[in-house]
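Below: one structure, written as structure tokens.
The values are calculated or read from the model by the stated rules, or taken from the named source; none is laboratory data. Predicted model, so just to flag it, every value in this text is computed and none were measured. Here the Cβ positions follow ideal geometry from the backbone for every residue, glycine too, while neighbour counts run over all protein chains shown. Each accessible area value is taken on the protein alone, full model and side chains, heavy atoms only, with ligands, DNA and RNA left out. Shrake-Rupley method; radii C 1.70, N 1.55, O 1.52, S 1.80 Å.
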Amino acid sequence: MHAGTEIEIACGVETAEPSADASTGLGDTSGSGRGEVMGVLVEVADRQPAHRVPGEIPGRRGGRGLGLQIVGSLAESWGVTYRRTEKVVWFRLTLSESGRRTAGSLSESLNRELDAAEIHSVSEVADRRRVAEWADRGGAFLAEASELLSGQLDEDMVAALAGQLLVPRLAEWCAVWLTTEGGGMRLSRVWHGDERRVDALRFALESDPPAPSLRTVGIPWPWPGGADAAGAGGSALAFSLVSGGSCVGSLIIGRAGPPETTDSVARTVEDVARRVAQAVVTARQYTRQTSISRALQRRQLPPSLASPPGVESAIVYEPHGRGQTVGGDFYDLFPMGNDRWCFLLGDVQGKDPEAMSVTGLTRHLVRLLAREGNGVESVLSRLNAAMAEEGAEAVAVGGESAQPRFLSLVYGELEPDLKRGGARCTIASAGHPPPLKLSADGEVTAVVESQMLLGIDEGSEFTSFPFFLGPGESLLCVTDGVTERRSGQRQLDDDDGLAEILALCVGMGAMGVAERVRQAAHDFGPEPVEDDLAILVLHAVVA
């Protein structure tokens, strides 16, 4: 009535020499008739684990009943054990001397008439129930473990999930050690059913790390010392985390009280340990590849922008690819001597790693050509020839399936005017969204005419356009991740949308303009940005 679940009852008789079970209070019982019968033991289990009486069950009589009052009045001893999935009420009824004689006779008669296998002790019934429960749930539990662990790409997160999977379903506490590059062990995560004990348990375990081992079966582990660590006492098992013939760590579980870990539970933990080990290996491979990728990506973009006198610069750069610091967009601002600076903003076709590699090569090639004395038009012409030649070679080697790489680029030279302020600029655009100039009074104008993409026609010629960036004026260069940002059927730059955004930036410095345009691009549509996004702003400071 009160649990609102099915119940299970186990009954048995107690022999003359019971051995108390600390976990339930039940003695060691036997139905074999050996020894004098001392009493009766009963265990009632339901599936309401909470330490409370649930609300009234529809269609059933309410009220608390007299069950525990009767038990308290008649039983020699009784108690309640709360487990994660069930609650167990147990009690012992002691027989009088005459009752013991009668019970002994009845027991002997029953043993003659019933098969011995039908009479079990209360503890045996409880053990069977726990084993059967895990036999039924083990497959689902391991499937859950595999699903949770397979998606993790951080080894410490794998260790944390392992502890949360095992506690409190299979253990009262869990610790996960992971191997280090130096061959040692570090304590990654500690989990305890009682969060107040986690710090003390970690302190007790850290001083005694397990040695790496290829033995995957559970081996006994010393119970952590200290009353505040893992409890008064219990049993612990250590399982090595082995994958591909290598040990990547160790998993230790502990339960308070006498050992209760059955073979079924031990095998389940072994299976979990194998899954944890494989997840750790996968996470480490991902981390290693990510580190290599980031090291290579760092060389694709400049570590910082140069600072021409009297000109502020700002860059907003957001690669679309997950986990990437570099995409198909690239930028640079560097000195080339004789009080001149060069700047560029480009976009390579595609978002794959090959596109990323082209960004770095292009940026370094532009620097080399500029410092050899090539002007804006010459730099674009030579870069175009190199791109077209490389594309032709790719098609010759890879056949029709190979695709040449096309490149859009804004490239210009900047010469600050130290006397009157501002800077003289020469700029050209190869298939790129045209840069916009914002005057101090809010007028927005395009400073170039767009020309052919780089890499299409080896013989293309390019024209540069000079202009003056006066004090208080800004030059905005963006990639198509900004201009082609979509909201339904509309793009951000439809009907000169980008110019309207820039016109609202009068009086802002370079970073203010860049941030305003970035925010406008994100706010333009409800969906996430689906392309690399790069914004370069040059702002002539008012003296």
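Ranking request for peptides 469-480, 446-457, 205-216: highest mean number of other beta-carbon atoms within 10 Å first, then the rest in descending order.
Numbers: 469-480: 23.2, 446-457: 18.0, 205-216: 13.9.
Descending mean neighbour count gives 469-480, 446-457, 205-216.
Please give the net charge around Ile456, taking every other residue with its beta carbon less than 14 angstrom from that of Ile456, where Lys and Arg add +1 and Asp and Glu add -1. Spell out each step's value before the answer.
Details: positive: Arg405; negative: Glu389, Glu390, Asp457, Glu458, Glu461.
Residues close to Ile456 contribute a combined charge of -4.
How far apart, in nanometres, would the label points at Arg215 and Ile456 be if each is projected 7 angstrom from Cα along the Cα-to-Cβ direction?
In this crude label model, Arg215 to Ile456 measures out at 7.1 nm.
Counting heavy atoms of the protein chains only and a 1.4 Å probe, report the per residue accessible area for segment 432-543 as a whole number of Å². Could you put the intermediate results ahead of the total?
Working: 5190 Å² over 112 residues.
Computed with neighbouring chains in place, this is 46 Å² per residue.
Sort the following peptides by mean Cβ neighbour count (other Cβ atoms within 10 Å, averaged over residues), highest first: 148-159, 516-527, 68-79. Could you put the intermediate results ahead of the total?
Numbers: 148-159: 18.4, 516-527: 15.7, 68-79: 13.3.
Output ranking for 148-159, 516-527, 68-79: 148-159, 516-527, 68-79.
Considering only Ser213, Phe203, Gly193, whose Cα is most displaced toward the positive end of the charge dipole of segment 185-234, charges sitting on Cβ of Lys, Arg (+1) and Asp, Glu (-1)?
So the residue furthest toward the plus end is Ser213.
Determine the distance separating the Cα centre of segment 443-477 from the Cα centre of segment 265-282; give it in Å without decimals.
Between the Cα centre of segment 443-477 and that of segment 265-282, the gap is 60 Å.
If Lys and Arg each add +1 and Asp and Glu each add -1, what is the summed charge of the other residues whose beta carbon sits under 14 Å from the beta carbon of Ala423? Before the final figure, lay out the partial values.
Details: positive: Arg340, Lys419, Arg420, Arg424, Lys437; negative: Glu312, Asp339, Glu413, Glu415, Asp417, Glu473.
Summing Lys and Arg as +1 and Asp and Glu as -1 gives -1.
Would you mind calculating the gained length between Glu372 and Ser96 on full extension (0.36 nm times residue separation, minus the Cα-Cα distance), in nm to one decimal? List each step's numbers first, then the result.
Working: separation 276, 0.36 × 276 = 99.36 nm, distance 11.05 nm.
That pair, Glu372 and Ser96, stretches by 88.3 nm at full extension.
Counting Lys and Arg as +1 and Asp and Glu as -1, what is the net charge of the other residues whose Cβ lies under 10 Å from the Cβ of Glu318?
Once all neighbours under 10 Å are counted, the net charge is -2.
Taking 0.36 nm per intervening residue step and subtracting the Cα-Cα distance, what contour gain separates Ser73 from Ala143 on full extension? Show your work: numbers first, answer last.
Numbers: separation 70, 0.36 × 70 = 25.20 nm, distance 4.70 nm.
Contour length minus Cα-Cα distance gives 20.5 nm.
Sort segment 431-543 into rounded, prolate or oblate with this rule: let a ≥ b ≥ c be the square roots of the eigenvalues of the Cα gyration tensor; rounded if a/c is under 1.5, and if a/c is not under 1.5, prolate when a/b is larger than b/c, oblate otherwise.
In terms of gyration-tensor shape, oblate.
If the chain between Thr445 and Asp156 were fully stretched, how many nm would it gain, using 0.36 nm times the residue separation less the Cα-Cα distance? Show your work: numbers first, answer last.
Working: separation 289, 0.36 × 289 = 104.04 nm, distance 5.34 nm.
Computed gain between Thr445 and Asp156 is 98.7 nm.
Might you report the magnitude of the Cβ-based charge dipole of segment 497-543 about its Cα centre, with Lys and Arg at +1 and Asp and Glu at -1, to the nearest 20 debye?
Working: 2 positive and 7 negative charges, 68 e Å.
Charge dipole, segment 497-543, about its Cα centre: 320 debye, nearest 20.
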